[in-house]
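This report refers to the structure that appears directly beneath it.
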Amino acid sequence: MQGLTKKFGDKVAVDNFTLEIPTGIVFGLLGPNGAGKTTVVRMLSTILKPTSGTATVNGYDILGQPGLVRQSIGVLPEDTGLYDRLTAVETLRFYGGVQGLSGPELDERIEKLLKLLELFDRRNDRTAKYSRGMRQKLALARALIHDPPVLLLDEPTLGLDVMSTHAIRDYVKGIAKEGKTVLLNTNNMYEAQMLCERMALINNGALRASGTVTDLESLAKTKGLEEVFINLVRSDVSVA
Amino acid sequence: MSVSRKSPSRARVVWLVAKKEFVDLARDRRTLITALVVPLLAFPLLFGVEGYFGNPTSNPSPVVVANLDQNGNYSSALTQSLLGTNGLAVSVQNSANLTSLVEGGKYDVGVLIPSGFSSSIQSGAGGKVTVQYDPSNPRAAEGVALVSADVEKLSAQAAASKLLSKGITGSDLNPIGMTIDLVGKVQSNGQLLIASLFPSFLTYFTFLGAFYFMVDDIAGEKERRSLEALFTLPPTRTTIFLGKYTDAFILSMITSGLGLVGTVIGLDELSGASGATGGVSLPLSLFPEIFGIIALAGLSMCALGFCISTFAKNIREAQQYLSPIFFVFFIPLYVEFALPPSQLAEFASVPLVGYTILIRDIILGTAGVQEIALSLASNVVTLLVLLWLGIRLLSSERVILRTG
């Protein structure tokens, strides 16, 4: 991301955001609610166009090659946005088909993901009958159906119960081991510390700090990611 | 990547989106009832009821006649005439409180023939019958019209008889007559009726069929926050729009087809029940031409609906914006009565509503090449503008972020 900026009228949602995310790691984008995390993900997934600046995803420019960017990413938005009247299999078949999968390979991929995310027994139920945790798992399966090299996960465990949170986190760990690049938006410090090798702190749309947990601790002159987060956000407010 | 993928063609993606929407809407009872059941049943039921209640044979107007002029020539003649009139169920009584009988709803019309009625006519003083009815009862108005016709007929006969006895003929009394010749291609009221109602119903169905689908689709996706996931897929917004639009159009055509069948059945019922044999019918040879125009109307109405649904924040707002469009379909019905045929032909070029007039003129056989060409040209341009606008709206961040 190079000077990525997004304005909505007079409001600057993301301000001159420059960041490089190494390939094959889980990278945490931390920030309080309204900091601009979701706007960053929306720009990277080409839903929103930056007001200025640009970014490349998997080597493709978000402005010049949006179609190739979208082929390279799997997105788990903040809201699952599932179709309530479709079953899990129908949902994945649709998204997989549009991503270019078909035939037995698509069927095998659907079966594998549903078994992995423990949804296989309920695969023919309409998603309206799913619990929040099941919906989140299905949305994750939807993001993974085409086996993308880059995953953008926006608050994947927000509002989930302990068991669902645990399952999603386990799965994200597994994805990282496969060498995929994951951008994880979260304001859960425990989750960030557990899953992310590196992270960046965004507040009021601007990048405040980035690095490993140790890097951030030295910058904030405190221990523990939660303290780091609070210190950096507070200092940002006082600077503002 | 370990999964092998091949970028699907635009046509395949349009098909996949359309198929997904079809599965989704096939499970939505509200859409199915509106799109499939209503058009098939509405007009057969409506016309069936109209045919039964509007049919004088199956539903005659009950009339009570109080004849206080016993044994009078004219009162007897009038009573016999009323008894023989089709559309009236006459009950003759020697004395009765007509007002209470009519007000009570037992009879639509009360006819009082006063005492001395016949002798008064014979003496030259004239006779007068009193008719009572409730104006809020439409069948009573029909009954009064039939009673009036009988009274006028008897009055004319009495006058002719008296004049003849004095050597005066009908021609002496009405020396100037008038013959009315119908010109143009419209030769019956039945033909006019079908040409007025049928196109309006059909164009109405093009919108009705896809209405709930259009409300629920893009505005509903905004409300359910499912657009974001859809937009992260490789296809462009144009392709996604076309997939959804294809569904709306197919649904619109299914509804119009069923509406066509329902309307024809309904008109057949009306024709049979009202006894207007041959007047209310539609030549099958016109169907391809009519359905071609209906397809164009369906494309336009769905494009308009999608523009509005895309702009709306949520389902409720989409309903609020889309519902008033139903009034558009009533405009041609009023215009037909207000404008002469030459100006009606010009009205056929008005985008969206002109389709109705064009179909009307095709049914009546009055549509000229210029009218057809102008109407189609203006509506094709409108369609293209609406499609362009719909795709623009779906691609606009400001519109897509309008949620709530």
Next on the checklist: With the requirement that a residue be touching a helix residue (DSSP H, G or I) at 6+ places or on another chain (Cβ under 9 Å) and either closer than 19 Å to B:GLN132 by Cβ or not in a loop (DSSP other than H, G, I, E, B) (or both), what does the range B:67-79 give you?
Outcome noted: B:ASN67, B:LEU68, B:ASP69, B:ASN73, B:TYR74, B:SER75, B:SER76, B:ALA77, B:LEU78
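Could you pull out the residue among A:LEU117, A:LEU113, A:LEU92 that is in contact with a helix residue (DSSP H, G or I) (Cβ under 9 Å, 6 or more places away or on another chain) and at pLDDT 95 or above?
Values: A:LEU117 fails: at pLDDT 95 or above; A:LEU113 fails: at pLDDT 95 or above.
Only one candidate passes the filter, namely A:LEU92.
If you take the residues of the range B:369-404 that are charged (D, E, K, R) and more than 18 Å from B:GLU346 (Cβ to Cβ), which of them is farthest from the other protein chains (Cβ to nearest Cβ)?
Just the residues of the range B:369-404 that are charged (D, E, K, R), to begin with: B:371, B:392, B:397-398, B:402.
Imposing the further condition that a residue be more than 18 Å from B:GLU346 (Cβ to Cβ) reduces the set to B:392, B:397-398, B:402.
Values: B:ARG392: 14, B:GLU397: 6, B:ARG398: 9, B:ARG402: 12 Å.
Only one residue tops the list, namely B:ARG392.
Determine whether B:GLU152 is surrounded by fewer than 23 Cβ atoms within 10 Å (Cβ to Cβ), assigned to a helix (DSSP H, G or I), out of contact with any strand residue (DSSP E or B) (no Cβ under 8 Å at 6 or more places or on another chain) and within 14 Å of chain A (Cβ to nearest Cβ).
Working: surrounded by fewer than 23 Cβ atoms within 10 Å (Cβ to Cβ): yes; assigned to a helix (DSSP H, G or I): yes; out of contact with any strand residue (DSSP E or B) (no Cβ under 8 Å at 6 or more places or on another chain): yes; within 14 Å of chain A (Cβ to nearest Cβ): no.
No; evaluated as a whole, the condition is false for this residue.
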Checklist outcome for this item: Restricting the range A:117-129 to residues that are out of contact with any Ser or Thr (no Cβ under 6 Å at 6 or more places or on another chain) and touching a residue at least 40 places away in the same chain (Cβ under 8 Å), the one surrounded by the most Cβ atoms within 10 Å (Cβ to Cβ) turns out to be A:THR127
Item to check | Residue tally, condition surrounded by 15 or more Cβ atoms within 10 Å (Cβ to Cβ), assigned to a loop (DSSP other than H, G, I, E, B) and either free of Cβ contacts under 8 Å to residues at least 40 places away in the same chain or among the aliphatic types (A, V, I, L, M) (or both), over the range B:80-105 | outcome: 1
Checklist entry - If A:ALA128 satisfies every condition in (1) on the phi < 0 side of the Ramachandran plot; (2) away from chain B (no Cβ under 11 Å); (3) of a type in the set (Gly, Ala, Ser) but one, which is the exception? => result (2)
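Could you identify the single residue in B:LEU208, B:LEU202, B:LEU182, B:LEU197 that is out of contact with any Phe, Trp or Tyr (no Cβ under 7 Å at 6 or more places or on another chain), under 22 Å from B:GLY266 (Cβ atoms), more than 13 Å from chain A (Cβ to nearest Cβ) and surrounded by fewer than 21 Cβ atoms within 10 Å (Cβ to Cβ)?
Details: B:LEU208 fails: surrounded by fewer than 21 Cβ atoms within 10 Å (Cβ to Cβ); B:LEU202 fails: surrounded by fewer than 21 Cβ atoms within 10 Å (Cβ to Cβ); B:LEU182 fails: under 22 Å from B:GLY266 (Cβ atoms).
Only one candidate passes the filter, namely B:LEU197.
Yes/no per residue for (1) more than 11 Å from chain B (Cβ to nearest Cβ); (2) part of a helix (DSSP H, G or I); (3) among the aromatic types (Phe, Trp, Tyr); (4) surrounded by fewer than 20 Cβ atoms within 10 Å (Cβ to Cβ):
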residue	(1), (2), (3), (4)
A:VAL75	no, no, no, no
A:THR80	no, no, no, no
A:GLY96	no, yes, no, no
A:LEU106	no, yes, no, no
A:LEU114	yes, yes, no, no
A:ARG142	no, yes, no, no
Item to check | Complete set of residues in the range A:45-73 that are among the hydrophobic types (A, V, I, L, M, F, W, C), facing another protein chain (nearest Cβ under 8 Å) and in a loop (DSSP other than H, G, I, E, B) | outcome: A:ILE47, A:LEU48
Checklist outcome for this item: Of the residues in the range B:1-22, those that are more than 19 Å from B:PHE241 (Cβ to Cβ) and either of a type outside the set (Ser, Thr, Tyr) or more than 10 Å from chain A (Cβ to nearest Cβ) (or both) come to B:MET1, B:VAL3, B:ARG5, B:LYS6
Checklist entry - If you take the residues in the range A:196-219 that are surrounded by fewer than 22 Cβ atoms within 10 Å (Cβ to Cβ) and of a type in the set (A, V, I, L, M), which one is modelled with the lowest pLDDT? => result A:LEU219
Checklist entry - Which of (1) of a type outside the set (D, E, K, R); (2) more than 14 Å from chain B (Cβ to nearest Cβ); (3) touching a helix residue (DSSP H, G or I) at 6+ places or on another chain (Cβ under 8 Å); (4) part of a loop (DSSP other than H, G, I, E, B) does A:LEU4 not meet, given it meets every other one? => result (4)
Next on the checklist: Taking the criterion of being among the small types (Gly, Ala, Ser) and in contact with a Gly (Cβ under 9 Å, 6 or more places away or on another chain), would at least one residue in the range A:48-55 satisfy it?
Outcome noted: yes
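The values are calculated or read from the model by the stated rules, or taken from the named source; none is laboratory data. Just so it is clear, the structure is predicted and the values come from calculations on it, not from any experiment. Heads up, the Cβs are rebuilt from the backbone with ideal geometry, glycines too, and the neighbour counts pull from every protein chain shown.
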